[in-house]
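The values are calculated or read from the model by the stated rules, or taken from the named source; none is laboratory data. Note that this is a predicted model, so its numbers are computed, not measured. Every residue, glycine among them, receives a Cβ derived from its backbone with ideal geometry; neighbour counts consider all protein chains shown. The area values use the complete protein model at the heavy-atom level, side chains included, leaving out ligands, DNA and RNA. Shrake-Rupley method; radii C 1.70, N 1.55, O 1.52, S 1.80 Å.
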Amino acid sequence: MSTADKKAAVKALFNEHVNPLMTAMRFARTGRAYRRYNAEGDAVVVEFRTSSVSTPETYVFLIELALVPSVWLRWMRHEAIWKAEGEPRVGEGLVECRLKPAAADKPVDVERGLRVLARGTFISELMPGLPRWSVDSGESVAACGREITERLPAVATAYIELLDRNVFLQRLRDGEKLPGTCPKLAARAVLLLEGGMTDELDQVLDDINFQGTGNDFVSWVRSQMPPPRDQ
């Protein structure tokens, strides 16, 4: 496949598969990032990020998802050395994961890998266990697009459910499994912060302090407390 063919294949992947899917799920697009917000400004972000192992002939990419509550985003940008602006990004997520292609779960097949390498296609097949996707032909566009359409909605929906702060908070309280990695005590503090200091929030902050890993965060949360209402 030539570089021109690769560009055409990438365009087809997004125009024929990814963009229609994300529009149907009520995500807005900026480049290859898609965002859906709630009324409080919390966002679910889905990013298609080009991998460093892409070649002029093959587009290799990652699909990353994150939940970025507006309060958490304030904390992340307060702490950041380089002050980011604009819409939230996956790297600023409170809950994060990568969507794996089915091929990533396959065991290593060395002989097959050598054949794949010889023909210069399907790079992701060479690296089982890594959540990389690849497009290098019209055939792979159809297969990749079909798999994304089948697998992404369920994961994205699990993130969309967490845009309901009450649902998210209750799942944290109940110790339920979340759709990605998450610092759970910090997440509870973020969700409780705008309601002012309560016994629950005070206990969560004490627990974070006890672990000795979030003293700066605890101080920041306490500094963000809304002023008490006039009696």
Scanning for something at pLDDT below 90, aromatic (Phe, Trp, Tyr) and open to solvent by 30 Å² or more (accessible area, probe 1.4 Å), does segment 81-104 turn up at least one residue? yes
With respect to the numbered conditions (1) touching a residue at least 40 places away in the same chain (Cβ under 8 Å); (2) under 23 Å from the mean Cα position of the chain (by Cα), which one is the sole condition not fulfilled by ALA189? (1)
Given the conditions (1) modelled with pLDDT of 95 or more; (2) touching a Phe, Trp or Tyr at 6+ places or on another chain (Cβ under 8 Å); (3) small (Gly, Ala, Ser), every one holds for SER140 apart from (1)
So which of MET22, MET76 ends up being aliphatic (A, V, I, L, M), free of Cβ contacts under 8 Å to residues at least 24 places away in the same chain and out of contact with any Cys (no Cβ under 7 Å at 6 or more places or on another chain)? MET76
Determine whether segment 198-211 contains at least one residue that is in a loop (DSSP other than H, G, I, E, B), under 26 Å from ALA39 (Cβ atoms) and not charged (D, E, K, R). yes
Taking the stated definitions as given, is PHE48 surrounded by 20 or more Cβ atoms within 10 Å (Cβ to Cβ), in contact with a strand residue (DSSP E or B) (Cβ under 7 Å, 6 or more places away or on another chain), touching a residue at least 40 places away in the same chain (Cβ under 8 Å) and not small (Gly, Ala, Ser)? no
Report the residue count in segment 156-168 for those that are open to solvent by 20 Å² or more (accessible area, probe 1.4 Å), out of contact with any Pro (no Cβ under 6 Å at 6 or more places or on another chain) and in a helix (DSSP H, G or I). 6
Before we move on, is LYS11 surrounded by fewer than 13 Cβ atoms within 10 Å (Cβ to Cβ) and either under 21 Å from THR157 (Cα atoms) or basic (Lys, Arg) (or both)? yes
